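The values are calculated or read from the model by the stated rules, or taken from the named source; none is laboratory data. All values derive from a computational prediction rather than experimental measurement. Here the Cβ positions follow ideal geometry from the backbone for every residue, glycine too, while neighbour counts run over all protein chains shown.
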Amino acid sequence: MMPGVASAKVASPRIAVLDWGWAESLLAIDVAPQSVAEAPLYGDRVVVPFLPEDTIDLGLRSWPNMELLRSLQPDLILSQANYGVSAARLQEIAPTMALPLYTAEQQPLRRSHEALVAIGQRIGRSVAAQAFLDRSYNRLAAITKETKAYDDRPLLIIKFTDDRVIDIYGRGSLFNDVLATIGIENAWNEPTNNWGFATAGLDAIARYPEARLLIIEPGPPDAFLSSALWRSLPAARRGDVITIPPTWVFGAFPSAMRFAEVLRKALGFA
C-alpha cells in the first residue's frame, strides 16, 4: 500500500490549510485539517490521501474566505510561500507557516521533505513525519530496482488544457524529481516556469519523436485521439502512449509517491 493513504485519525490542533500539498502532508501523518481551501475539488485532483467529508471549505486557494477563516479560530494556518494571501496578513488571524514548495530553485521534492519535517515538529508529529518519509524512501528504492528493467525510452509528461494546448512537465516539477529518483529520463529539456512546466502546442510533442508519451488524465476527447493530427505524432503512430489517473501536479511528498506508484503500474511493473 502507498504510504499515507489511510484516513486521518487525529483531529486537533485546529489547522487551516490553504495549499493542497500541505493538506495531503498533514493527512499522510494522520492529522485531519479543520479546513482546506477548495476542499470539494481535492478528491478529484489530489485523490489520496483521503480528505474527510466534514472538512470545512475555505474558498479559493489563491484567495480564501478571510471572514470564515477568522471565525474558525485556527491554531495554525499552513500556506505556500509566495502564493495567494501574504503570510503577514494570515498572521493577523493565527500563527502561520508559509512554506516554500515551487520556487526558482526548482526542487519541489526536497522542499516537500523539508516542509513535512517542519510541520511535524510544529504540531508534535515528528515521529510520524519521519516514519512516513522512511516508508516513502524505502518504497522509492524498491521501485528503482524494478525500473532497472525499463527500456530506457524517455518520457514526455503532458496534461491537456484543451484539444490543442498542453502543459509539459520538466525541470522543477514534482514528477521530474520522481523520475530522477527512480532512474527514468524526462524527455523535456526545454525551459520551464517555477512550477515546473511549459505550455505548448502539440507541435512540441513532434520535437521528441523518440519519447514515450505519458498523459495525465483527463486526456483529450476520444474524437481528437482518432484525428489525423494525433495519429501523425510519432508516439501515437507507434502506439507508445500511456495514461495515468489524476495525480496532483503541484503536490508535495504524498503526490510524489502517488505518481511513482501509478507510473510503476502504467509501465507494467505492478
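The table for this structure:
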{"item": "Filter result for the condition that a residue is of a type in the set (D, E) and without any contact (Cβ under 8 Å) to a residue 12 or more places away in the chain, over D163, D177, D134, D167", "result": "D134"}
{"item": "Candidates A28, A87 - the one that is at pLDDT 95 or above, within 19 Å of the chain's Cα centre (by Cα) and among the hydrophobic types (A, V, I, L, M, F, W, C)", "result": "A28"}
{"item": "Residue check for A270: in a loop (DSSP other than H, G, I, E, B) and either basic (K, R) or farther than 16 Å from G21 by Cβ (or both)", "result": "yes"}
{"item": "Strands (runs of 3 or more DSSP E) wholly inside the stretch 86-173 that include at least 1 residues being in contact with a helix residue (DSSP H, G or I) (Cβ under 8 Å, 6 or more places away or on another chain) and not hydrophobic (A, V, I, L, M, F, W, C)", "result": "96-99, 165-169"}
{"item": "Unique match (being assigned to a helix (DSSP H, G or I) and under 30 Å from D30 (Cβ atoms)) among A223, A180", "result": "A180"}
{"item": "Test: residue in the stretch 125-134 that is in contact with a Phe, Trp or Tyr (Cβ under 6 Å, 6 or more places away or on another chain) and more than 28 Å from A228 (Cα to Cα)", "result": "no"}
{"item": "Residue count, the stretch 16-42 (criterion: in a strand (DSSP E or B), under 16 Å from P254 (Cβ atoms) and in contact (Cβ under 8 Å) with a residue 40 or more places away in the chain)", "result": "2"}
{"item": "Residue count for the stretch 43-85, restricted to those that are in a strand (DSSP E or B) and under 30 Å from I216 (Cα atoms)", "result": "7"}
{"item": "Evaluation of S126 against (1) in contact (Cβ under 8 Å) with a residue 12 or more places away in the chain; (2) more than 18 Å from W195 (Cβ to Cβ); (3) not charged (D, E, K, R) (one fails), failing number", "result": "(1)"}
{"item": "From E210, E261, residue being under 16 Å from the mean Cα position of the chain (by Cα), among the acidic types (D, E) and over 14 Å from K159 (Cα atoms)", "result": "E261"}
{"item": "Looking only at the stretch 80-104, and only at residues there that are in contact (Cβ under 8 Å) with a residue 60 or more places away in the chain and surrounded by fewer than 16 Cβ atoms within 10 Å (Cβ to Cβ), the one that is nearest to S255 (Cα to Cα)", "result": "T103"}
{"item": "Condition met for R264 (more than 16 Å from D167 (Cα to Cα) and of a type in the set (K, R))", "result": "yes"}
{"item": "Some residue of the stretch 198-211 being surrounded by fewer than 16 Cβ atoms within 10 Å (Cβ to Cβ), free of Cβ contacts under 8 Å to residues at least 40 places away in the same chain, among the hydroxyl-bearing types (S, T, Y) and more than 22 Å from S173 (Cα to Cα)", "result": "no"}
{"item": "Any hit, the stretch 193-206, residues being assigned by TED's automatic domain parsing to the domain that holds D240, touching a helix residue (DSSP H, G or I) at 6+ places or on another chain (Cβ under 9 Å), in a strand (DSSP E or B) and among the small types (G, A, S)", "result": "yes"}
{"item": "Members of the stretch 246-270 that are surrounded by fewer than 24 Cβ atoms within 10 Å (Cβ to Cβ), of a type in the set (K, R) and either in contact with a Ser or Thr (Cβ under 9 Å, 6 or more places away or on another chain) or modelled with pLDDT under 95 (or both)", "result": "R264"}
